[in-house]
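This report refers to the structure that appears directly beneath it.
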Amino acid sequence: MYSALLINEPFGDPAVLIKSKYRHESVLFDLGDLHKLAPREILKIGHIFVSHTHVDHFIGFDTILRICLGRNRRIRLFGPPGFLFQVESKLHSYTWNLVENYSNDFELLVTEIHPSHRMSRLYRCRAAFRGEPVTEEKISSNQPLVEETFFSIRCIFLDHLIPYLAFRFEERSRINIMKNALETLGLPTGRWLMDLKEAILQGRPESCPIRISDKSSGDRPANRVLPLGFLKEKVVRITRGQRICYVTDAIYSPENIKRILLIADSADHLLIEATFLHEDHEKAAAKYHLTARQAGLLARQASVKRFSLFHFSPKYKGAAAALQHEAKEAFERPLSDPLSPFDAATR
Ligand SMILES: [Zn+2]
Ligand SMILES: [Zn+2]
C-alpha cells in the first residue's frame, strides 16, 4: 500500500516521497531541499526521478549523498537529457581521496532519459565516483522506466523551454489480506503474509508452498505450509493499485496539456504545481508555469480522484488559501460550465 506526500509545504522546494506502508522501498520525485526528511526515511529510498535540474528541483542531491555515504546502498537515479553530466559535475565537486578504504560501498546507477534511448552509468563511492563505461539502450515510446515487483514508473516529456519529465507511479495489484478469513482458518499474522503477497505479484504457480510464521512467536518459520492457490482463494482480495502522478513546471500550452492529460489519466492522486494565481496568468506563461486554475482544470480533465498543489510563488506568502481555493473551484466546476484557462476575468 503506497501513499505520496509533499516533503515541504507548498512554498518550499518540490520533492514528493512515495512510501510503502509495509516495505522499506520508497520512491522520490524531485530533489528539492530534503532537510525535513529524516535520515531513516532517506535510507529507504531506492529510486529517484528528477524532472529537471533547476536548482529548486536538484539541490537535495547533496543530502542524499551525505546520508548514504559509507553505507551499502544502491540508488537508481533518473533524469532528463544532460543528466549524466550534471550528476557527474556534482560528484566531481568533492574530494574523494580516502574512500577506497571504506568497508561499505554506496552506488549510484544514473540513467539519462531521451525520447528514443537511455544512457546509464554506474558511480561507486569506493572508486571515487569515477563513472564506469556508459551503456546505451533503445526504448519504445510507452516503455516503463522501471518495472519492480510492487510498482512500475513511466515518464513523459514536457516543455519548460527545455525538455523535462513528468512521472507516473503505478502500484501493481493491491493485495488485501482478509483478517476475518485468517481467523476462521486459525492462521496467525506475521512475515509470511509479505511472502504471500510477493509470490502472488511474481505470478508463482498455485502449488508454490507458503511457510506460515507467527508474529507473536518472533516470526520464526513454523512447520505449517499451505499452497499459494489455496491462500489466494481463501484469504486474499486483489484490487487495483494506487496511481500517483507528478507534474511540475509546465506552461499551459496545447502540447503540454495533451501530454499531462495522458500521464495523469485517472490518477488516484495528482501532485501538480500551481505557481501563480490566475490573475497573474500572463506572468505564469512567461515563466513557463501553471496557474492554480489551470492546475485544477487539468486535474478535472484528467479525471483524477484528488490532487495536491505545490511550488507556490513566494509573492503569495500568507495567501496559500487563495491558490488552493482557485484550483478547487476549477476542479469542481461542472464540465458544462468550464472556467477559461486563460482569461482571468471569466468567472
Ligand atoms: Zn524549473
Ligand atoms: Zn521549479
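Each residue in segment 20-49 was checked for being touching a residue at least 40 places away in the same chain (Cβ under 8 Å) and within 16 Å of ligand 1 (Cβ to nearest atom), and 3 of them qualify. The strands (runs of 3 or more DSSP E) located wholly in segment 114-184 that include 1 or more residues which are within 15 Å of I48 (Cα to Cα), within 16 Å of ligand 1 (Cβ to nearest atom) and among the aliphatic types (A, V, I, L, M) occupy 163-171.
Quick one: is I212 within 18 Å of the chain's Cα centre (by Cα), not in a helix (DSSP H, G or I) and not assigned by TED's automatic domain parsing to the domain that holds F78? It is false that I212 is within 18 Å of the chain's Cα centre (by Cα), not in a helix (DSSP H, G or I) and not assigned by TED's automatic domain parsing to the domain that holds F78.
Filtering segment 229-238 to residues that are surrounded by fewer than 24 Cβ atoms within 10 Å (Cβ to Cβ) and free of Cβ contacts under 8 Å to residues at least 40 places away in the same chain leaves G229, F230, K232, E233. Here E100, E107, E88 are screened, and the one residue that is farther than 17 Å from F58 by Cβ, assigned to a helix (DSSP H, G or I), of a type in the set (D, E, K, R) and assigned by TED's automatic domain parsing to the domain that holds I59 is E100.
Scanning segment 17-57 for residues being in a loop (DSSP other than H, G, I, E, B) and either of a type in the set (V, I, T) or assigned by TED's automatic domain parsing to the domain that holds L271 (or both) gives a total of 2. Which of the residues belonging to segment 58-80 are free of Cβ contacts under 8 Å to residues at least 60 places away in the same chain, touching a Pro at 6+ places or on another chain (Cβ under 8 Å) and not in a helix (DSSP H, G or I)? If the condition is that a residue be free of Cβ contacts under 8 Å to residues at least 60 places away in the same chain, touching a Pro at 6+ places or on another chain (Cβ under 8 Å) and not in a helix (DSSP H, G or I), then no residue fits.
Here's the yes/no breakdown for (1) out of contact with any Gly (no Cβ under 8 Å at 6 or more places or on another chain); (2) of a type in the set (S, T, N, Q); (3) closer than 30 Å to P14 by Cα:
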| residue | (1), (2), (3) |
| --- | --- |
| E171 | no, no, yes |
| R174 | no, no, yes |
| M178 | yes, no, no |
| A181 | yes, no, no |
| T184 | yes, yes, no |
| G190 | yes, no, no |
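Scanning segment 185-199 for residues that are in a helix (DSSP H, G or I) and in contact with a helix residue (DSSP H, G or I) (Cβ under 6 Å, 6 or more places away or on another chain), we see that the one that is surrounded by the fewest Cβ atoms within 10 Å (Cβ to Cβ) is A199. Restricting segment 158-180 to residues that are among the hydrophobic types (A, V, I, L, M, F, W, C) and modelled with pLDDT under 95, the residue that is surrounded by the fewest Cβ atoms within 10 Å (Cβ to Cβ) is L161.
The values are calculated or read from the model by the stated rules, or taken from the named source; none is laboratory data. Because the structure is a prediction, the values reported are computed rather than measured. Note that we place each Cβ from the backbone using ideal geometry, even for glycine, and neighbour counts take in every protein chain shown.
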